[in-house]
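**Q** Pasting in a structure now, in structure tokens, and then I'll have a few things to ask.
The values are calculated or read from the model by the stated rules, or taken from the named source; none is laboratory data. Here the structure is a predicted model, which is why all the values come from computation and not from measurement. For neighbour counting, all protein chains shown are included, and Cβ atoms are generated from backbone atoms with ideal geometry for every residue, glycine included.
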Amino acid sequence: MSPALLVVVIIVVAMVWLIARLANQNAALQALDRRERAELMHLRALVDDLKETAWDHRELDSPLSTIIIDKIRTHERQQRPGRELGP
């Protein structure tokens, strides 16, 4: 085998390995993104539920319910302008 052909074979093998590695990393990142999106949806649902619970039980501790609801609304305004939730 000539030295030039050996260099070409080494380069081709290295490129195939690099492409396979990058494809594998991309698949892992997409799976992580799906898990992170699912967790984010669950956390948003939890915050929505806490907000609703504070509103529904405001007669038990009105000042605390008001503080919780105001904190959530303030955060929503700062993080997601135009997307404020119910009560």
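**Q** Kindly indicate whether Ala23 is small (Gly, Ala, Ser), free of Cβ contacts under 8 Å to residues at least 60 places away in the same chain, out of contact with any helix residue (DSSP H, G or I) (no Cβ under 8 Å at 6 or more places or on another chain) and under 30 Å from Arg73 (Cα atoms). Break it down into steps so the answer makes sense when it comes.
**A** Working: small (Gly, Ala, Ser): yes; free of Cβ contacts under 8 Å to residues at least 60 places away in the same chain: yes; out of contact with any helix residue (DSSP H, G or I) (no Cβ under 8 Å at 6 or more places or on another chain): yes; under 30 Å from Arg73 (Cα atoms): no.
Considered against the rule, which asks whether it is small (Gly, Ala, Ser), free of Cβ contacts under 8 Å to residues at least 60 places away in the same chain, out of contact with any helix residue (DSSP H, G or I) (no Cβ under 8 Å at 6 or more places or on another chain) and under 30 Å from Arg73 (Cα atoms), Ala23 comes out as no.
**Q** Among the residues in the range 44-66, are any exposed (fewer than 10 other Cβ atoms within 10 Å of the Cβ), in a helix (DSSP H, G or I) and over 19 Å from the mean Cα position of the chain (by Cα)? Don't jump to the end; show me each part of the working.
**A** First, pick out the residues of the range 44-66 that are exposed (fewer than 10 other Cβ atoms within 10 Å of the Cβ): 59-60, 63.
Those still in the list that are in a helix (DSSP H, G or I) too: 63.
So of that shortlist, the ones also over 19 Å from the mean Cα position of the chain (by Cα) come out as 63.
Checked against the condition, which is being exposed (fewer than 10 other Cβ atoms within 10 Å of the Cβ), in a helix (DSSP H, G or I) and over 19 Å from the mean Cα position of the chain (by Cα), the range 44-66 yields at least one hit.
**Q** Within the range 68-81, is even one residue modelled with pLDDT under 80 and either more than 28 Å from the chain's Cα centre (by Cα) or outside any helix (DSSP H, G or I) (or both)? Working first, answer last.
**A** Looking only at the range 68-81, we keep the residues that are modelled with pLDDT under 80, and these are 80-81.
Those left that are additionally either more than 28 Å from the chain's Cα centre (by Cα) or outside any helix (DSSP H, G or I) (or both): 80-81.
Scanning the range 68-81 turns up at least one residue that is modelled with pLDDT under 80 and either more than 28 Å from the chain's Cα centre (by Cα) or outside any helix (DSSP H, G or I) (or both).
**Q** Additional query: Looking at the structure I just gave you, is Met15 under 18 Å from the mean Cα position of the chain (by Cα) and assigned to a helix (DSSP H, G or I)? Reasoning before the result, please.
**A** Working: under 18 Å from the mean Cα position of the chain (by Cα): no; assigned to a helix (DSSP H, G or I): yes.
No; evaluated as a whole, the condition is false for this residue.
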